[in-house]
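The values are calculated or read from the model by the stated rules, or taken from the named source; none is laboratory data. All of these numbers come straight from a predicted model, not from anything done at the bench. Counting neighbours? That spans all protein chains shown, and the Cβs are built from the backbone with ideal geometry, glycine included. Accessible surface areas use protein heavy atoms only, side chains included; no ligands, DNA or RNA. Shrake-Rupley method; radii C 1.70, N 1.55, O 1.52, S 1.80 Å.
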Amino acid sequence: MTDRPTTRPLSPLEQRVLVKLLSAEFPGAQELRNQLAQTRVTRPWGSESPSVDLDVPPGVPEAAIEDGVIPATGTVTDDSGELFGELLVWVSDGRLSALEFSWYGDTAPTELPDPGLVTVTVR
């Protein structure tokens, strides 16, 4: 018996969004990209939330990056070009730990955006 949580693979959309966000160059980005193949989803942040907690198994090399939000943010626009929200990737102990979709406005999204609607900036 293991104490690791029940997990599932990244969905194709989660995978594409993370690839887009990690395409930016910043210290530790390559190591985080290398973790994607082994990354699993442990739980959504709510029953309708597209934000999820992530788990990277032991043995996968960690990135030399501080805990918290990576220095690349994905700005999300809707089909008409209006600002809709932001995508954030969280890291803990050098490993991918969460994908967060925060939105502007009253209506919460129930799925991640198409990566084509995401502009990544490094701060």
Which numbered condition in (1) crowded, with 18+ Cβ neighbours inside 10 Å; (2) more than 19 Å from Arg123 (Cα to Cα); (3) at pLDDT 95 or above is the only one that Asp93 fails? (1)
Provide a single number: the residues in segment 33-70 that are open to solvent by 80 Å² or more (accessible area, probe 1.4 Å) and either polar (S, T, N, Q) or in contact with a Cys (Cβ under 9 Å, 6 or more places away or on another chain) (or both). 3
Residue within segment 30-37 that is at pLDDT 95 or above, more than 11 Å from the chain's Cα centre (by Cα), acidic (Asp, Glu) and outside any loop (DSSP other than H, G, I, E, B) present: yes
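Yes or no, residue by residue, for (1) in a strand (DSSP E or B); (2) more than 17 Å from Ser11 (Cβ to Cβ):
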residue: Gly59; (1), (2): no, yes
residue: Ala64; (1), (2): no, yes
residue: Leu87; (1), (2): yes, no
residue: Trp90; (1), (2): yes, yes
residue: Thr110; (1), (2): no, no
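Tell me, which residue of segment 71-89 that is under 18 Å from Val122 (Cα atoms) and modelled with pLDDT under 95 is farthest from the chain's Cα centre (by Cα)? Please lay out each step first, then the result.
Let us first name the residues in segment 71-89 that are under 18 Å from Val122 (Cα atoms), namely 71-77, 83, 85-89.
Keeping just the survivors that are modelled with pLDDT under 95 gives 77, 83.
Values: Thr77: 17, Leu83: 19 Å.
Residue satisfying both the conditions and the ranking: Leu83.
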